[in-house]
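Read through the structure below, which is laid out as C-alpha cells, and then see the notes.
The values are calculated or read from the model by the stated rules, or taken from the named source; none is laboratory data. As the structure is a prediction and not an experimental result, all values here were calculated from the model. Note that each Cβ is placed from the backbone with ideal geometry, even for glycine, and that neighbours are counted across all protein chains shown.
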Amino acid sequence: MTDRTRLRVAVAEQEQQDVLAARLGRAVKFGLFDARDGEIRGPFYRVRHDNPGDVCDHHAELAALLHDCQAVISGSAGPHMQRRLQALGIDVVATPETQPPLQLVSRYLAGTLTRVPVAGRGDSSREM
C-alpha cells in the first residue's frame with residue numbers, strides 16, 4: 001500500500017463487538033476501517049438486515065454491504081462467497097487469528113496476517 005492509496009477493509013464480526021465472525025456468511029455486522037496516509041480510521045459499522053446470523057443463500061446483501069471495500073477479513077469463507085466478492089475486486093481473507101479488528105486490519109495491511117485456504121465442498125465445517 002502506498003501512502004496515497006485509500007483502502008477500506010471490513011472485518012466480519014459476531015454480535016459481540018470486536019469478536020471475529022467464524023464464518024463470513026453468518027456475520028452479523030462489519031467493522032469498516034479506512035486506511036490512508038499510514039493512518040487507520042474506524043471502525044464504522046454496517047449491520048446485516050437479511051436474517052443476520054443465518055447462512056446466506058444468494059450473498060446479495062453481503063455483496064451490497066461490502067461493495068466499496070477492497071478486503072474483508074473473517075474466520076472462514078465458503079468458495080461461492082469468495083468468488084462473488086472477488087468478482088467485485090474484494091480480497092477475501094480467512095484467518096485463524098483472534099486479535100481485535102484494528103489489529104487484524106493492521107496486520108493485513110502489513111502483509112503479516114495469517115491466512116487459511118477457503119473451504120471446498122468436502123469441508124462442511126468451514127463451508128457456508
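Which one is surrounded by the most Cβ atoms within 10 Å (Cβ to Cβ), of the residues in region 1-20 that are in contact with a helix residue (DSSP H, G or I) (Cβ under 7 Å, 6 or more places away or on another chain) and modelled with pLDDT under 90? Step by step, filter region 1-20, then rank; the result is 18. What about residue 23, is it among the basic types (Lys, Arg) and surrounded by fewer than 17 Cβ atoms within 10 Å (Cβ to Cβ)? Here the answer is no, as residue 23 does not meet what is asked. Out of all the residues in region 76-94, which are in contact with a strand residue (DSSP E or B) (Cβ under 6 Å, 6 or more places away or on another chain) and of a type in the set (D, E, K, R)? Residue satisfying the conditions is 91 alone.
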